[in-house]
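Worksheet: one structure, shown below.
The values are calculated or read from the model by the stated rules, or taken from the named source; none is laboratory data. It should be emphasised that the depicted structure is a prediction, and the values quoted were computed from it without experimental measurement. Glycine gets a Cβ as well: all are built from the backbone with ideal geometry, and neighbour counts include every protein chain shown. Quick note on the areas: whole protein, heavy atoms, side chains included, nothing else; ligands and nucleic acids left out. Shrake-Rupley method; radii C 1.70, N 1.55, O 1.52, S 1.80 Å.
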Amino acid sequence: MRVRVDESRCQGHGRCYATAPELFEPDDIGNGHERDDGAVPAGLEDKARLAVANCPESAIDIEENG
Ligand code: F3S
């Protein structure tokens with residue numbers, strides 16, 4: 001599984017890195033970015049889906065088989 005924040009849609013609500021700091025981090029203006037290459041380590045799949053569901057801008061894409 002892999003996650004990716006679409007920078008054109010992210011408005012800096014911060015719920016991704018609050019919900020799943022293992023997977024997302026803020027930049028210097030508070031917009032979220034996937035950590036590293038966005039690969040979701042085993043066991044964090046539910047957190048990844050929760051972060052996706054909690055983004056008010058639907059800015060996080062998830063690739064189930066990535
Ligand atoms: Fe941006 Fe959504 Fe996270 S708007 S900061 S990707 S919760």
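Mean residue ellipticity at 222 nm from the helices of the chain, using -39,500 (n - 2.57) per DSSP H segment of n ≥ 4 over the full residue count, to the nearest 500 deg cm²/dmol?
Working: 2 runs with 15 residues, N = 66.
Computed ellipticity for the chain at 222 nm equals -6000 deg cm²/dmol.
As an exercise, use a Förster radius of 22 Å and the Cβ-Cβ distance of residue 46 and residue 25 to find the FRET efficiency, rounded to the nearest 0.05.
Values: r = 19 Å, r/R0 = 0.88.
Rounded to the nearest 0.05, the efficiency is 0.70.
Separation of segment 34-54 and segment 1-28 by C-alpha centroid, Å?
10 Å
Taking the simple approach of a point 7 Å from Cα along Cα-to-Cβ for both residue 8 and residue 57, what is their distance in nm?
Result for the modelled spin labels: 1.3 nm.
State the extension gain, in nm to one decimal, for the chain segment bounded by residue 37 and residue 64, taking 0.36 nm per residue of separation less the distance between their alpha-carbons. Walk me through the intermediate numbers first.
Details: separation 27, 0.36 × 27 = 9.72 nm, distance 1.45 nm.
8.3 nm is the gain from fully extending residue 37 to residue 64.
What is the Å³ per residue value for the convex hull set by the Cα atoms of the chain?
It is 71 Å³ per residue.
Which is farthest toward the positive dipole end of the chain among 32, 10, 50, measuring Cα position about the Cα centre, with Cβ charges +1 (Lys, Arg) and -1 (Asp, Glu)?
Going by the Cα projections, it comes out as 50.
Where nothing but the Cβ of Lys and Arg (+1) and of Asp and Glu (-1) is charged, how large is the charge dipole of the chain around its Cα centre, in debye to the nearest 20?
On the way: 7 positive and 15 negative charges, 48 e Å.
Approximately 220 debye in magnitude.
On the full set of protein chains, 1.4 Å probe, figure out the accessible area of residue 62 and give it in Å² to the nearest 10.
Its heavy atoms expose roughly 60 Å² to the probe.
Which peptide among 19-27, 4-12 comes first, and what is the full order, when sorted by highest mean count of other Cβ atoms within 10 Å? Before the final figure, lay out the partial values.
Working: 19-27: 17.9, 4-12: 13.7.
Going by the mean number of other Cβ atoms within 10 Å, highest first, we get 19-27, 4-12.
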